[in-house]
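Chemist: Mind having a look at this structure? Questions to follow.
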Amino acid sequence: MNPDFSILDNHIHLDPEGLGVEGAKRFEQAGGSHLILVHKPYHHIDREDFGVQFETTLGLAEKVRSETGLVVYTALSPHPAELTRLMEKYPLEKAKEMMLEAIELAGKHVREGRALAFGEVGRPHYPVEEYVWEASNDLILYTLELAKELDCAVQFHTEGGRDSFRDIAGIAKKVGYPLERCVKHFSGPAIEEKENFGLFPSVVSRKGSIKKAIAKGNRFFMETDYIDELSRPNAVLSPDTVPKLTLEFLRKGIFSEEDVLKIHRENPERVYGIEMEKK
Ligand SMILES: [Zn+2]
């Protein structure tokens, strides 16, 4: 076990109504060093007030920084499912406009250095009407244009399957936005470019998935997508999973030291354009 390694959970949520900072402490105690804290809709806060919603994520990140030794980055965006939620109350045009304003606000946080990337961006993972689908694609296009201007990465949440990889890659090409910076959150072990159209995979860190992924290469991130909801403890995976599995695989020789360096430092530095302080 080498404490000099940085260990990143590329996609984790915390909730003031869940474990909050305690979740991050579990990650740190298991050997983790860096987090990308991704915005999620907080149910106990006005869902239409994206300003307060985003401030909640930024506030949580700040709290984790002050109470742990972790390096915390944030990703902000209105969640793709918020569009259909808003449409229960407003016509499509109005709902779309509210989403666009929220994307702009997330962009402002990126521009001013409070957020590292956009996330989660994408399309509903349940069936929707064709016009909602098109509106979601328009929002993706707009986000990528803004991300290009701001020179930042985007974490995608989409329905599964090759079609979604292909469509996102298509929109990115249209915008002239690098595929490498389109991070596909909630990826399985399909990490090769021929399998995912060149998007950057962030693999949900189930033992079997990571084992399959590393057999093909080390061009991926690891994530838990921990959602921090007390009604679903440790879903999707518990917050200590990434460091535990990384260190276990290193011990067993499933990961080489070079793999760990690649997955947890070189890949994020390249994709996000950051320099990760050595922890
Ligand atoms: Zn998530």
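The values are calculated or read from the model by the stated rules, or taken from the named source; none is laboratory data. Since the structure is predicted, the reported quantities are computational estimates derived from the model, not experimental observations. Cβ coordinates were reconstructed from backbone atoms using ideal geometry, including for glycine residues, and neighbour counts include every protein chain displayed. These area figures cover heavy atoms from the full protein model, side chains too; ligands, DNA and RNA do not enter into them. Shrake-Rupley method; radii C 1.70, N 1.55, O 1.52, S 1.80 Å.
Results for (1) out of contact with any Phe, Trp or Tyr (no Cβ under 7 Å at 6 or more places or on another chain); (2) more than 16 Å from the ligand (Cβ to nearest atom); (3) among the aliphatic types (A, V, I, L, M), shown as yes or no for each residue.
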position: Phe156; (1), (2), (3): yes, no, no
position: Ser164; (1), (2), (3): yes, no, no
position: Ala169; (1), (2), (3): no, yes, yes
position: Lys174; (1), (2), (3): yes, yes, no
position: Glu180; (1), (2), (3): no, yes, no
position: Phe186; (1), (2), (3): yes, no, no
position: Ala190; (1), (2), (3): yes, yes, yes
position: Val203; (1), (2), (3): no, no, yes
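Chemist: Right, next: Report yes if some residue within segment 252-260 is at pLDDT below 95 and charged (D, E, K, R); otherwise report no.
Modeler: No, the conditions are met nowhere in segment 252-260.
Chemist: Quickly run through segment 111-125 and pick out the residues that are closer than 16 Å to Ile274 by Cβ, within 14 Å of the ligand (Cβ to nearest atom) and in contact with a His (Cβ under 9 Å, 6 or more places away or on another chain).
Modeler: Within segment 111-125, Gly119 is the sole residue that qualifies.
Chemist: Do any strands (runs of 3 or more DSSP E) entirely within segment 1-119 hold 3 or more residues that are in contact with a helix residue (DSSP H, G or I) (Cβ under 6 Å, 6 or more places away or on another chain), and if so, which?
Modeler: It comes to 71-76.
Chemist: Can I ask one more? Identify, from the list His39, His43, His11, the residue that is surrounded by fewer than 18 Cβ atoms within 10 Å (Cβ to Cβ), within 16 Å of the ligand (Cβ to nearest atom) and under 20 Å from the mean Cα position of the chain (by Cα).
Modeler: Result of the check over His39, His43, His11: His43.
Chemist: Applying the selection to segment 236-279, what residues are under 20 Å from the mean Cα position of the chain (by Cα) and at positive phi?
Modeler: Matches in segment 236-279: Gly273 only.
Chemist: If you don't mind, another one. Touching a strand residue (DSSP E or B) at 6+ places or on another chain (Cβ under 8 Å), open to solvent by 30 Å² or more (accessible area, probe 1.4 Å) and over 21 Å from Thr246 (Cβ atoms): is that true of Arg85 in this structure?
Modeler: Judged against the criteria, Arg85 is not a match.
Conditions (1) of a type outside the set (Val, Ile, Thr); (2) modelled with pLDDT of 95 or more, marked per residue:
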position: Ala106; (1), (2): yes, yes
position: Val110; (1), (2): no, yes
position: Gly119; (1), (2): yes, yes
position: Glu130; (1), (2): yes, no
position: Thr143; (1), (2): no, yes
position: Asp151; (1), (2): yes, yes
position: Val154; (1), (2): no, yes
position: Thr158; (1), (2): no, no
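Chemist: Right, next: Only residues that are open to solvent by 50 Å² or more (accessible area, probe 1.4 Å) and without any contact (Cβ under 8 Å) to a residue 40 or more places away in the chain: list them for segment 239-255, please.
Modeler: Passing the criteria: Lys252, Gly253.
Chemist: Then there is this: Does Leu60 qualify as being within 16 Å of the ligand (Cβ to nearest atom) and either in contact (Cβ under 8 Å) with a residue 60 or more places away in the chain or touching a Phe, Trp or Tyr at 6+ places or on another chain (Cβ under 8 Å) (or both)?
Modeler: No.
Chemist: Is there a residue being within 16 Å of the ligand (Cβ to nearest atom), of a type outside the set (A, V, I, L, M, F, W, C) and within 17 Å of the chain's Cα centre (by Cα) anywhere in segment 48-56?
Modeler: yes
Chemist: Looking at segment 91-102, I want the residues that are over 15 Å from Ala81 (Cβ atoms) and modelled with pLDDT of 95 or more and have a partner that is open to solvent by less than 90 Å² (accessible area, probe 1.4 Å) and among the aromatic types (Phe, Trp, Tyr) with Cβ atoms under 9 Å, at least 6 apart or on another chain. Which pairs are those?
Modeler: Note: pairs meeting the criteria are Glu97/Tyr90; Leu100/Tyr142; Glu101/Phe50.
Chemist: In segment 138-154, how many are over 16 Å from Leu199 (Cβ atoms) and within 16 Å of the ligand (Cβ to nearest atom)?
Modeler: Qualifying residue count for the region: 0.
Chemist: If you don't mind, another one. When residues of segment 193-231 are filtered for being hydroxyl-bearing (Ser, Thr, Tyr) and under 17 Å from the mean Cα position of the chain (by Cα), how many remain?
Modeler: Residues flagged as hydroxyl-bearing (Ser, Thr, Tyr) and under 17 Å from the mean Cα position of the chain (by Cα) within segment 193-231 amount to 4.
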